[in-house]
1. Looking at the protein assembly as shown, what % of its DSSP beta bridges pair antiparallel, to the nearest 5?
2. Treat the count of other C-beta atoms within 10 Å as a stand-in for reagent exposure and order B:VAL45, A:VAL19 from fewest to most.
3. Report the local net charge at A:LYS3: Lys and Arg +1, Asp and Glu -1, summed over other residues whose C-beta lies under 11 Å from its C-beta.
4. Shortest first and in nm to one decimal, what separations exist between B:ARG62 and its copies in the other chains, measuring from label points 7 Å along the Cα-to-beta-carbon line?
5. Residues of B:37-48, mean number of Cβ from any other protein chain within 10 Å of their own Cβ, rounded to a whole number?
6. Given label points at 7 Å from Cα along Cα→Cβ, what nm distances, shortest first, separate A:GLU179 from the same residue in every other copy?
7. Which one of B:GLY76, B:GLY183, B:GLY170 has the biggest mean-square fluctuation once chain B is modelled by GNM with Cα springs under 10 Å?
8. Counting partner chain Cβ atoms within 10 Å of every residue's Cβ in A:23-35, what's the average?
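The numbers here are math on the coordinates, done by the rules we state, and not lab data. Model, not experiment: these values are computed from the prediction. Quick reminder, even Gly has a Cβ in these numbers, built from the backbone with ideal geometry, and neighbours come from all protein chains shown.
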There are 2 protein chains.
Amino acid sequence: MGKLDFWFEYGSTYTYLAVARMHAMASRHGIEVRWRPFLLAPIMVEQGLTQGPFLPFPQKLRYMWRDLERRAATHGLPYRQPAHYPPNTLLTARVGMLAATEGWCREFTERSFALHWTEDIAIGSDANLSATLAALGRDASRVLSQAQSAANKDLLRAATDEAKALGLFGSPSFVTRGELFWGDDRLEDALAWAQTG
Amino acid sequence: MGKLDFWFEYGSTYTYLAVARMHAMASRHGIEVRWRPFLLAPIMVEQGLTQGPFLPFPQKLRYMWRDLERRAATHGLPYRQPAHYPPNTLLTARVGMLAATEGWCREFTERSFALHWTEDIAIGSDANLSATLAALGRDASRVLSQAQSAANKDLLRAATDEAKALGLFGSPSFVTRGELFWGDDRLEDALAWAQTG
């Protein structure tokens, strides 16, 4: 069975499209996916990418919103432009890391992105976290406590270091059979590579 | 018949993929294409995009070369990584502008990109220009003289202003039925939009 590592940053916009599509598409291709949360900001800063690809550039930013809406429609995904951008998603990433360790990262990530991108419950907010954990039947106080433990923070830092070592510089990224693919619009290529190389 | 404006900068890397694919794909979809050369640099500078999306970032740059090669293979296009990047393509853009006015822009553009991306004859170089014009049976001294006339320079400036007014910020870009699409990986979406809106 083909394998693929799906690296993602919770604060990334286009990542919604990949998060929403990944499970069904990978299942159809018979690809086993590891959901790998990481922090993009430290990697960007280290590479001199201090600004982000869209926010400082009004014309690119306007395009991004329109493109996201169009691509969601093309993929048949629900979409509602969120009011706030960019979000602060550090705590959510820590919960995602804990969830990855415990085996429920996909469900957590799908739900937290969906609330942000279809109901405008901002990813990274307490409301989003509570609603997501409640929907998954998780004990919020246990999860938030463990997510903020030194051990879990270290795991997220290590994952971020691993992402950096793999040459990642953006989200979503897909790594399979020694190849790196960047962007939701490379998901099809990455899945094909995972199958056949 | 659907119509599409194909805006491109001769110095852009991913633009090769769109230049090489456009004619066959648009013909298949029954879309009439206007080839619209423009200068990306003045637009980038004005928007604060002073660095270009890849050159200053070693990991993104390495990824770009690998991705170009892979995408060319996926599209069934010949590809050879050129030795020099980025090229200086101002004179080539002026010839492209003249060619657009005279109705041979597609043939000129396809050929000059192909020499760069399959034979490593640098786009923008005298060798590339001479070989391209010779292949098309054009009188090089007449073309180069008219390309550098004040009137033709003004046309290229006006095209660049028009691109800016349309909200363009990168190459390749496709404009059809009031929608802007950016990037070779949006060519399929743009052609579909040109057909049905």
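1. 50
2. Taking fewest neighbouring Cβ atoms as first place, the list is B:VAL45, A:VAL19.
3. 0
4. 3.8
5. Partner Cβ neighbours, averaged per residue: 1.
6. Those label-point separations list as 2.8 nm.
7. Looking only at B:GLY76, B:GLY183, B:GLY170, the largest GNM fluctuation is found for B:GLY76.
8. For peptide A:23-35, the averaged partner shielding equals 0.
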